[in-house]
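A.B. asks: Have a look at this one before I ask anything.
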Amino acid sequence: MSYSRHLLRFRERASRLSPTRIIALAFLLIILAGTGLLMLPLASRDGKSCGFLTALFTATSSTCVTGLILADTFVQWSGFGQAVILALIQTGGLGFMSVAAIFAFLLHKRLGLKQRMLLAQAMNLNDMEGVVRIQKHVLVGTFSLEGLGALVLFFRFLPEYGPWNALKWGVFHAVSGFCNAGFDIFGVLQPGGSLAPFRTDPVVCLTLMVLIILGGLGFFVWEDLWQKLKNRRKHRLSVYTKLVLACSALLLAGGTLLVCLLEWNNPDTLGSMTGPQKLLAGAFQSVTLRTAGFAAIDQGAMRESTRAMSVVFMLIGGSSGSTAGGLKTVTVAVLLLACVASARGQSNVRVFKRSVSDRQVRDAMSLTFLILVLCFTGAIVLTADSGIPFLNALFETSSALGTVGLTANVTPLLGLVSRLIIIAFMYFGRVGILTISLGFLMGDRAEERFRYAETKLLIG
């Protein structure tokens, strides 16, 4: 009887949880489940348990599609361990509600109001209109693109490495690329080298670049573009989609140009390549900075100016409702547009003949300030705790918060406190700083019943 009452109370409390809390707790439970599986001796290549901290770090990095690792994925983990990591990447990239929706669709079950609210929240949609249709398109599009990418990689690897390696590498890296996870199992060729063995291979690099870009655009952009293709004359792209496409193109082109200019003559990165190979490697570096995490060149060997530029790009990240992390492209665009409007003396922020509300500008400012404070504070702690240079520490915290997964070769050197900070940053970066802070700390915004008299301050 007592057990029944406790179970009933638990169900009542669970039913009162907000969608943001459910999503955050679900990611936490998935991470803990993955940690338990990776701690099994079966998951390690040497047949010995890796220990709690290594398993927790890897499970968090996989579920939060980051890619930071303490040991090479192929060297450390057995086939079972790699399968667990791949499952965590797919679940974390799509979101647990998308995985749950798969079973509901297969069993022909209708999704209730609570499930639709969770789907909308997980995909960063403003409302629940058409959420089930969008979710079906997301699932079909995801598995189709991953399958196509795996097929291209399979035929690329087949002649040189045999059918089993071609199949395994094709599937693993297609999923890892589309989910912007950055995990690789090329350690059999070069332990810890990530994508270095194929940095001049156009098929491998271009295939992963396309998967990364498509995964980072966002599910809403997919749906908007799909509706535009179906109804070319009737359907107009939303302002958000236009802004995402414009920002993504600008960041990719600008990143490629900067990487090539800064690293063109660096013998440890691009210096030894031919001209076309340098352009390919520069473009790949620009794409992977958008929260993908594959490293075609040695990140620790890059010039300090390039690493500093990389920090900015990693913090920006991809777009909302995608497999990417970071501040998000539109968030940064809103801030820049607000600065331009202020410099021109304009009272409204405008884009594509539309106005952006003051509320959204404040939200963008709050999120940016919060992530910057966390990033720099974490870097200071990493420098004090692990004794690594501050720029490398800043590179590490930016990579974790942006769920990028690139490292200046310092992740295995981190102390206990530093590793715990990186674990927390990866979790916050994936679930969403703004979602967690508002959902857990503020709840519903209280109605302002009065306002104080305005005052004038000196700004600047």
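What follows is calculated from the coordinates using simple rules that are stated; it is not laboratory data. Computed from a predicted model, the values in this text were never measured in an experiment. So basically every Cβ, Gly included, is an ideal-geometry build from the backbone, and we count neighbours across all protein chains shown.
A.B. asks: Answer rounded, prolate or oblate for the range 271-311, using the Cα gyration tensor with square roots of eigenvalues a ≥ b ≥ c: rounded when a/c is under 1.5, else prolate when a/b is larger than b/c, else oblate.
C.D. replies: Note, shape of the range 271-311 comes out oblate.
A.B. asks: No solvent, one uniform scatterer per C-alpha: report log10 I(q)/I(0) for the range 330-394 via the Debye equation at q = 0.14, 0.16, 0.18, 0.28 1/Å, two decimals.
C.D. replies: Each listed q maps to, in turn, -0.54, -0.62, -0.68, -1.10.
A.B. asks: Moving on. Summing +1 for each Lys or Arg and -1 for each Asp or Glu, what net charge is found among the other residues whose Cβ lies under 13 Å from the Cβ of residue 196?
C.D. replies: So the environment of residue 196 carries a net charge of -4.
A.B. asks: Right, another one. Once the convex hull of the C-alpha atoms of the range 238-323 is built, how many Å³ does it hold per residue, rounded to a whole number?
C.D. replies: Working: hull volume 7.4 nm³, N = 86.
Expressed per residue, the convex hull around the Cα atoms of the range 238-323 is 86 Å³.
A.B. asks: With Cβ to Cβ distances under 13 Å as the rule, what net charge do the other residues near residue 226 carry (K, R +1; D, E -1)?
C.D. replies: Neighbourhood net charge equals +3.
A.B. asks: What translational D, rounded to a whole number of µm²/s, comes out for the range 357-425 from Stokes-Einstein when the hydrodynamic radius is the Kirkwood one over Cα pairs, at 20 °C and 1.002 mPa s?
C.D. replies: 173
A.B. asks: Near the amide H of residue 77, under 5 Å away, which other amide H atoms are found, from residues 5 or more places off or on another chain, if H is placed in the peptide plane?
C.D. replies: Under 5 Å from the amide H of residue 77: 45.
A.B. asks: Residues with beta-carbon under 15 Å from that of residue 322, excluding residue 322: net charge, scoring Lys, Arg +1 and Asp, Glu -1?
C.D. replies: That works out to 0.
A.B. asks: Mind listing the Cα extents of the range 163-225 along all three principal axes, in Å, largest one first?
C.D. replies: The principal-axis extents, from largest down, are 41, 23, 19 Å.
A.B. asks: Given 168/278; 136/228; 136/242; 136/328, which pairs have Cα atoms separated by over 26 Å?
C.D. replies: 168/278
A.B. asks: Calculate the radius of gyration of the Cα atoms of the range 125-263 to one decimal place, then report Dmax, the largest Cα-Cα distance, as a whole number, both in Å.
C.D. replies: 17.6, 53
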